[in-house]
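Engineer: Got a structure for you, written out below as structure tokens; questions coming shortly.
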Amino acid sequence: MKLFTYLLIFILIQTSDLKLISSFKILDKNFVTDNFDNVYSFSENTLNKYSIDGTINSSFTNHFLGKISSVDVTDPLRILVYYKEYNQIQFLDNNLVELKSPIALDEIGILASETVCSSNDGGFWVYDSASEQLKYFNKNLENSNKSSRISEKSGKKPLKLVEKNDFLFLLFPDNELLIFDKFGTYIKKTSITNNDFQIVNHRINYLKNNTLIRYDFTLFAEDSLTFPEEIKIEKLRIENDKAFVFNNNTINVYKLLIKF
């Protein structure tokens, strides 16, 4: 059954609503932010951590695990780095120092993975390509939860997996976002228009042109923040009252002077 949005609010941001805090170059378009306003940029096998003023605080490189596929900083004290090609993950502390040796997923029964994410319970979730299931592994690397087979997407490989506020979000190439509870039980699906999204509270944030769409999947309500045309946006992250705007290998950090 299709779910319809019943509340729609449009917010037009003026230039006067934005205060530029800093501007700095990063490694690549691949970047994430944490709730302490740090920026993590990764390219090939290197991960850099920047403070809000653009200073590189820490750096991590591993030449033996191949290219970094994704980085999850949901818990900034326990950062997950995923290497899809070598089917391994690495956990780092807030200084980008290894917390333990890399975890070889094939040694715990996942012979081919597509995407992973950190879990608030101290373990991690992984999409098992062979069984087409989401599987949760605890701190002892025991598989304690899993979803049913995601048969409706048979043959399609997911792009991204996120756990936030006891929900799991699994994105497929057709921009359909499947939502599960923290035990891996399927709840519902929705569609977005961008394969890059961020979960803030109970909102799914994604960029459409120069507009940030924020969909509350619990209230079925949607609002949008449209940025001035002169601010060019390739990628956008929102943390606290700040907007991290990426364009042309540069991040501009703005303080949002409006309530939203």
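Engineer: Using Cα pairs closer than 8 Å and at least 6 residues apart in sequence, work out the relative contact order for segment 7-256, in percent.
Structural biologist: 17 percent
Engineer: Taking the Cα centre of segment 37-94 as the origin, how large is its charge dipole in debye, to the nearest 20, when only Lys and Arg (+1) and Asp and Glu (-1) carry charge on their Cβ atoms?
Structural biologist: That gives a dipole near 160 debye.
Engineer: Using Cα pairs under 8 angstrom and six or more residues apart, how large is the relative contact order of segment 65-140, in percent?
Structural biologist: Relative contact order comes out at 20 percent.
Engineer: Also, quick follow-up: At a Förster distance of 35 Å, what's the computed FRET efficiency of F36 paired with S131, Cβ-Cβ distance as r, to 0.05?
Structural biologist: 0.45
Engineer: Mind checking segment 33-90 for trypsin sites (Lys or Arg not before Pro) that DSSP puts in a loop (not H, G, I, E or B) and that have at most 13 other Cβ atoms within 10 Å?
Structural biologist: In loop regions of segment 33-90 (DSSP not H, G, I, E or B), the sparsely surrounded trypsin sites (Lys or Arg not before Pro) are K67.
Engineer: Given the pairs K49/K160; K139/K160; K135/K235; K25/K164; K153/K259; K67/K208, which span a C-alpha to C-alpha distance of over 31 angstrom in this model?
Structural biologist: Listed pairs above 31 Å: K153/K259.
Engineer: Mind listing which trypsin sites (Lys or Arg not before Pro) in segment 118-148 are in a DSSP loop and have 16 or fewer other Cβ atoms within 10 Å?
Structural biologist: K139
Engineer: Could you compute the FRET efficiency for D216 and K139, with r as their C-beta to C-beta distance and R0 at 51 Å, rounded to 0.05?
Structural biologist: 0.95
Engineer: Counting Lys and Arg as +1 and Asp and Glu as -1, what is the net charge of the other residues whose Cβ lies under 14 Å from the Cβ of S23?
Structural biologist: For residues surrounding S23, the net value is +4.
Engineer: Sort out the exposed loop GluC sites (Glu not before Pro) in the chain (DSSP loop, at most 14 other Cβ within 10 Å) and tell me the longest stretch that has none.
Structural biologist: 143-228
Engineer: Grab the other residues whose beta carbon is less than 10 angstrom from that of G109, score K and R as +1, D and E as -1, and report the net.
Structural biologist: -2
Engineer: Are there chymotrypsin sites (Phe, Trp or Tyr not before Pro) in segment 24-83 that DSSP marks as loop and that have at most 13 other Cβ atoms within 10 Å, and which are they?
Structural biologist: Here the chymotrypsin sites (Phe, Trp or Tyr not before Pro) that fit, given the DSSP loop and packing criteria, are F36, F64.
Engineer: Can you give the FRET efficiency to the nearest 0.05 for K259 and S148, using r as the Cβ-Cβ distance and R₀ = 51 Å?
Structural biologist: Computed FRET efficiency for K259 and S148: 0.80.
Engineer: Next up: If I compute percent of Cα pairs over 32 Å apart from the structure I just sent, which labelled value in (1) 22; (2) 14; (3) 32 lines up?
Structural biologist: Read-out taken from this structure: (1).
Engineer: Distance in nm between label sites at D166 and N194, each 7 Å beyond Cα in the beta-carbon direction?
Structural biologist: Those two pseudo-labels are separated by 2.9 nm.
Engineer: Please compute the length gained on full extension between D241 and K100, using 0.36 nm multiplied by the number of residues separating them and subtracting their Cα-Cα distance.
Structural biologist: Separation in residues times 0.36 nm, less the Cα-Cα distance, equals 47.4 nm.
Every number in this text was worked out from the coordinates using simple rules, so none of it is lab data. It should be emphasised that the depicted structure is a prediction, and the values quoted were computed from it without experimental measurement. Please note: Cβ atoms are built from the backbone with ideal geometry, for glycine as well, and neighbour counts cover all protein chains shown.
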